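**Student:** Could you have a look at this structure, given as structure tokens, before my questions?
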Amino acid sequence: MPAALYANAVDAYCTGEPFGAAAQQAGYARPLRMTRDEWRNYICCVLTVREELILARPAMVQDLVNQVLGAGVWLDQQQENRNKAVAIAAGRDFFNQDPKILQFVMENPVDRVTYGDLRMIDSRNAGNRYDLVIAGMIIIGLIGLMLDGVMRLLEGLKAVRWRYAH
């Protein structure tokens, strides 16, 4: 995505890190808004497990969840932990990214990426509201289908010509 933005193939993008920071660090992009500024306690990433595994090995799945949560708590405890995580994550076996970009993500601002609280919380009743998450996912999917339909319609119009900057 950073390369597409640099090449003027796209005008903007919404992404997870470190792709936003890469373009920002390179000097040809700036963040307009952070999701967290618009949606308090938003869900950024999802740990997904097959239902069969949950039913067959619930203790192992719970251990996985505990380990992911524990890693997030560890990262948020002190900057040195984040520095260690950057050194590991930058390697070829993980993200294979420039460690300077990952360090930038961890520090600018320090809460640009947080990991400690992975619970789904509905601020209206402080309960787990998976129905709202599913409804949101359905709405996002429907919006995507509508946008796809509009784009296909536009592609069929002779008056609309697409061009890509080189």
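**Student:** On the basis of being surrounded by fewer than 10 Cβ atoms within 10 Å (Cβ to Cβ) and at pLDDT 80 or above, does residue 83 make the cut?
**Tutor:** No: the conditions fail for residue 83.
**Student:** With respect to residue 94, determine if the residue is of a type in the set (Phe, Trp, Tyr) and closer than 29 Å to residue 137 by Cα.
**Tutor:** yes
**Student:** Quickly run through the range 88-101 and pick out the residues that are in contact with a helix residue (DSSP H, G or I) (Cβ under 7 Å, 6 or more places away or on another chain) and either surrounded by 12 or more Cβ atoms within 10 Å (Cβ to Cβ) or under 17 Å from residue 25 (Cα atoms) (or both).
**Tutor:** 89, 90, 95, 99, 101
**Student:** In this structure, is residue 21 over 26 Å from residue 136 (Cα atoms) and assigned to a loop (DSSP other than H, G, I, E, B)?
**Tutor:** Numbers: over 26 Å from residue 136 (Cα atoms): yes; assigned to a loop (DSSP other than H, G, I, E, B): no.
The answer is no for residue 21.
The values are calculated or read from the model by the stated rules, or taken from the named source; none is laboratory data. Source: prediction; values computed, not measured. Because the Cβ atoms are built from the backbone with ideal geometry, glycine has one as well, and the counts that use them run over all protein chains shown.
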